[in-house]
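Below: one structure, written as structure tokens.
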Amino acid sequence: MCPLLATSAQASLHKLSDWFDSNAGERLLQEQSIHVRNSARRFHGDALLWVGCQSPLLDTVRGCMIRHHFRLREPGWPSDAADPADMTSFHADLREIPLPNNCMDAMVVHHGLEASPDPRSALRECARVLTGGGRLVICAFNPLSLWGLRALYARAVEDSFSHLKLVSPLRLLDWLAVLGFEAEPVQYLAYNLPLTKSGSDAAFWRGSRNLLARYRVPVGGVYILSAVKTAFAIRPDKFRAKVAGAKLAPVAYPKISSRSRFEKPGATTTRLITDTRGN
């Protein structure tokens with residue numbers, strides 16, 4: 001990984017984590033917890049992997065039917081509260097997860113794609129680790145919203161959304177289809193203005209926000225996408241020894257002449273009888 005990209009990625013992770021501690025970030029976490037908890041009720045299997053920095057949301061997956069819970073901490077994520085007793089954490093890059101193929105039954109990626117320097121490679125790595133029939137839940141910011149406009153503003157002015165690479169839900173659906181996922185309808189939320197203070201929404205916007213949230217118009221600041229993996233993904237193992245191919249054994253088969261191939265059944269017998277009578 002390029003040192004410059006690593007530095008910018010770590011800076012974006014720190015700023016995003018600090019933003020989640022603000023009033024707007026706490027309101028967003030409360031709204032997301034309802035949807036993540038409903039999606040986690042459909043998890044089942046032996047192993048679950050959580051990718052994200054927010055410990056308050058870890059309780060949303062405790063009610064699922066999965067025995068072992070793991071948490072991936074990227075190098076840029078700041079250390080927050082301690083993990084629960086039933087969860088094991090490790091540090092790794094989302095684009096290079098040190099886990100074997102098809103070993104996880106469920107994954108929750110909480111704002112990990114947009115914080116990665118290469119969201120597509122990170123999603124491909126998630127598909128490799130997830131087993132067939134496993135569920136993937138992704139929480140991400142919507143670039144086609146007012147929050148996306150704030151991300152554009154953060155490109156020019158240093159902000160909490162600086163260095164983030166937002167991925168539209170339509171593009172994410174295309175990537176998932178290529179990787180062998182069957183996606184469910186996208187859920188949109190966070191229709192409020194991307195401001196820090198809770199009372200910053202103007203009176204005229206409150207009515208519009210409630211109307212947009214009622215009909216789930218796809219302009220919410222955050223979307224949650226749930227998908228099921230229907231195909232097994234593998235990564236070539238360069239260190240595996242090559243197996244010599246088996247040799248083919250010769251098999252005898254009857255040889256058919258070109259003359260007898262086009263003759264009708266009984267033609268040879270008729271010719272032999274005629275020749276015998278002629279003699």
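Of everything in the stretch 29-49, what is crowded, with 22+ Cβ neighbours inside 10 Å and touching a His at 6+ places or on another chain (Cβ under 7 Å)? Give them in sequence order.
The one that is crowded, with 22+ Cβ neighbours inside 10 Å and touching a His at 6+ places or on another chain (Cβ under 7 Å): Leu48.
Out of the stretch 140-165, which residues are touching a strand residue (DSSP E or B) at 6+ places or on another chain (Cβ under 7 Å) and of a type in the set (D, E, K, R)?
Within the stretch 140-165, none qualify.
Please pick out the residue among Pro169, Pro143, Pro194 that is buried (at least 17 other Cβ atoms within 10 Å of the Cβ), within 24 Å of Leu211 (Cβ to Cβ) and touching a Lys or Arg at 6+ places or on another chain (Cβ under 8 Å).
Going through Pro169, Pro143, Pro194 in turn, the sole match is Pro194.
Condition test on Ser160, is it closer than 21 Å to His35 by Cα, in contact with a Leu (Cβ under 8 Å, 6 or more places away or on another chain) and not aliphatic (A, V, I, L, M)?
no
Grab the helices (runs of 4 or more DSSP H) fully contained in the stretch 81-187, keeping just those with 2 or more residues being within 18 Å of the chain's Cα centre (by Cα).
In the stretch 81-187, 119-129, 169-178 are the helices (runs of 4 or more DSSP H) which contain 2 or more residues that are within 18 Å of the chain's Cα centre (by Cα).
Laboratory data are not the source of any read-out in this text; all were calculated from the coordinates shown. These numbers were taken from a predicted model, which means no experiment stands behind them. Positions of Cβ are generated from backbone atoms using ideal geometry, with glycine treated the same way; all protein chains shown enter the neighbour counts.
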